[in-house]
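Colleague: Right, I'll just put the structure down here and ask away after.
The values are calculated or read from the model by the stated rules, or taken from the named source; none is laboratory data. Everything quoted here is computed from the prediction, not taken from an experiment. Glycine gets a Cβ as well: all are built from the backbone with ideal geometry, and neighbour counts include every protein chain shown. Accessible surface is based on the protein model in full, side chains and every heavy atom, while ligands, DNA and RNA are left aside. Shrake-Rupley method; radii C 1.70, N 1.55, O 1.52, S 1.80 Å.
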Amino acid sequence: MPRHARPTVVHTIVLRELEVARVVDITPGLRRVTLTGDQLGSFTGSDDTIFPEFASEGFDDNVRLIFPYPGESEPVLPVHKDGKYRWPAAPPALWRVYTVRRHDAQARELDIDFVKHGVGVATTWAYRANPGDRLHVGGPSTSTRWPEGYDWYLVVGDDTAIPAIGRLLGELPDEAQADVYIEVAEESHRIDFPARPGVEVTWVVRDGLAAGSRPLLLQAVREARWREGSMFAWLAGEQSVVRDLRRHLIEERGVDRSDIDFTGYWRRAEVVALDDDPAMPDPERNDEAFGKFHEMSELLPPLAIRAAANLGIADCISRGVRTIPALALHTGANERSLAKFLRYLQAIGLLEQEGDEYRLSETGEFLTDESALDHLVSGGVEFRMSQAFYGLEAAVRHDHPVLESVTGKDWDALRSDATFENKHLENRSRFAQVLAEPLAKSPVLEGVGKMVVHADSAVVHADYLTAGHLEATVTIVALPTAADWFRRDIPMSIADATRRDRIRIVEQSVFEKTESADAVLIIDTLGQHRDAEAKLILQRAAASLGPGGRVLLVEDTFDLDELDEHDAELDILRLTLHGSGYRTEDELEAVIADAGLKVIATSLVGWGNTLRVLAP
């Protein structure tokens, strides 16, 4: 099967103002709110932007619902400017993510299902909603279609996954074989989904247990019969439950990671309510878990977090290894020193102690998150790049890259390390379809026959380009280590052999002239190089063009008018890694001009990315 089992469609991000048409209780624990409004169709915004009609093609598509803060009548909303939404930072918008249960384009109706539980902004709004109430809805930003080509499907989720599972069961192909496991609070919360041949639905009832407190779904799946043939799994629910289900499938059932789609919809946490409204959370007394995690910026907390990640403490605790002697045995740590370290992790809120055992706190659960661990463990891609920050003072004093002075390897040597490069390219390719799909549809590419691609996500772009342009050929330019990974990735990611035959890989640097092409596509590459090098890259690309050819450049720029911490961090990371930086629009256009090129057209693709068409 291809690596990307579920085809992705990228939508223009649109914020719509809708109103409640009706409210229906599906079960005592699930309320359906039907929204309606002209803005579910195409409409013109206040800045004269024409927005497309609402679209939802995936059973688990989600939208962002934006609510007023407690005590306020109007929500904090973004402003649409220059083709993208600018989200306010102080105060930020108050939003929650929910699944699209049903969309009827003709009736202009949108159904959102809300699980009834304790204190919550969205739940409280839904259970107080009346016809005529307004709600702002953003998205979906993408739709991910159902994977085809598998013999059967495993679908597992709790109450919060019922909207997606219900839509899935209504959209499955007639011949599909599936085992579905759904956890609910009580018997009255079960839903009589229409029976389908080949689909078996098993309800797991908590009977008074707190949601997410016991591994009921894991036990049900572990004890289940296993069908023959290839299987795709979809998992959703409480984060730690989903994590353990995924582990079971990978480690005990031998399921390939690429055949599992998993989402932690929520995390167990205590919520402090407003004194005068016990159904509403107090925004000033409820810190988001990831916010607390991010703010641990004193010297010892970040070092302790990384030490805990490298020792594997959270992984052990999540697997049931919870006492000091057992943790010392599994981590190889000294028992006396480990006891001190665990006390510190408890003091900063990553662990909780119950008798002789330690458990992960809500914040500590992030130490089992794969994307977070990539920033923390010594072998992680993001960690190995961020080591350059240790040389920040020298970079600021002398304006040059400092990674080699810190680690003994410069950027080029690091990317020649196959272990690093393979994971780096995998990370860069993971979400590349968000740009690749709309870029391949750009009118700029109409009639293009020969294309050269410079990008860390080159295979994803080659996939969409060959699918959307049936006569086109794509040449991927890469250095040897990256080229080896691309060669392995192509047969896994692109199922169609005829399209694979139209893709070839050439081992050379971005500074070299390539064979003649109708278009040279350069994506997020210039930021890795200082101005003189970036200029040379553009000149070599222009020299590779045939008659009438164009250089197509996708390179984000630093908007100083909308100063953002993450953008500023990227600017510093590029300074320390490459001696370059995150260029402003003026700085990028100066490099283009110095290369002897002109910007003859610009357009927005994907989620606000600027595509620049360059010509000599």
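Colleague: Could you tell me whether any residue of region 36-49 is within 25 Å of the chain's Cα centre (by Cα) and exposed (fewer than 13 other Cβ atoms within 10 Å of the Cβ)?
Modeller: No, because not a single residue in region 36-49 is within 25 Å of the chain's Cα centre (by Cα) and exposed (fewer than 13 other Cβ atoms within 10 Å of the Cβ).
Colleague: While we're here: So which of 56, 73 is buried (at least 16 other Cβ atoms within 10 Å of the Cβ) and either over 24 Å from the mean Cα position of the chain (by Cα) or not basic (Lys, Arg) (or both)?
Modeller: Checking each option against the conditions leaves just 56.
Colleague: Of the residues 308, 273, 326, which single one is within 27 Å of residue 237 (Cβ to Cβ), open to solvent by less than 90 Å² (accessible area, probe 1.4 Å) and modelled with pLDDT of 95 or more?
Modeller: Only one candidate qualifies: 308.
Colleague: Okay, next question. The conditions are (1) open to solvent by 60 Å² or more (accessible area, probe 1.4 Å); (2) β-branched (Val, Ile, Thr); (3) in a helix (DSSP H, G or I), and residue 592 fails exactly one of them. Which is it?
Modeller: Exception for residue 592: condition (1).
Colleague: Any residue that is more than 32 Å from the chain's Cα centre (by Cα) and closer than 27 Å to residue 607 by Cβ - is there at least one of those in region 539-553?
Modeller: Scanning region 539-553 turns up no residue that is more than 32 Å from the chain's Cα centre (by Cα) and closer than 27 Å to residue 607 by Cβ.
Colleague: For region 9-82, list the strands (runs of 3 or more DSSP E) that sit wholly inside it and hold at least 3 residues that are modelled with pLDDT under 90; which are they?
Modeller: 79-81
Colleague: Output the number of residues of region 412-427 satisfying the condition of being acidic (Asp, Glu) and open to solvent by less than 30 Å² (accessible area, probe 1.4 Å).
Modeller: Residues meeting the conditions: 1.
Colleague: With region 120-225 as the region, which strands (runs of 3 or more DSSP E) entirely inside it contain at least 2 residues that are open to solvent by less than 30 Å² (accessible area, probe 1.4 Å) and either aromatic (Phe, Trp, Tyr) or without any contact (Cβ under 8 Å) to a residue 40 or more places away in the chain (or both)?
Modeller: In region 120-225, the matching strands (runs of 3 or more DSSP E) lie at 152-157, 178-184, 199-205.
Colleague: Scan region 378-390 for residues that are assigned to a loop (DSSP other than H, G, I, E, B) and open to solvent by less than 40 Å² (accessible area, probe 1.4 Å) and jot them down.
Modeller: Scanning region 378-390 gives a single hit, 380.
Colleague: Considering each residue of region 98-119, count those that are in a strand (DSSP E or B) and closer than 15 Å to residue 159 by Cα, and give that number.
Modeller: Qualifying residue count for the region: 6.
Colleague: Restricting to region 397-436, give me the number of residues that are farther than 16 Å from residue 458 by Cβ and either without any contact (Cβ under 8 Å) to a residue 24 or more places away in the chain or not in a helix (DSSP H, G or I) (or both).
Modeller: Number satisfying all stated conditions: 16.
Colleague: Oh, and also: Suppose the filter is part of a helix (DSSP H, G or I) and either crowded, with 16+ Cβ neighbours inside 10 Å or within 31 Å of the chain's Cα centre (by Cα) (or both); does residue 614 pass it?
Modeller: Criteria not met by residue 614.
Colleague: While we're looking at this one, here's another question. Return yes or no: is residue 370 open to solvent by 40 Å² or more (accessible area, probe 1.4 Å), free of Cβ contacts under 8 Å to residues at least 40 places away in the same chain and under 30 Å from residue 568 (Cβ atoms)?
Modeller: yes
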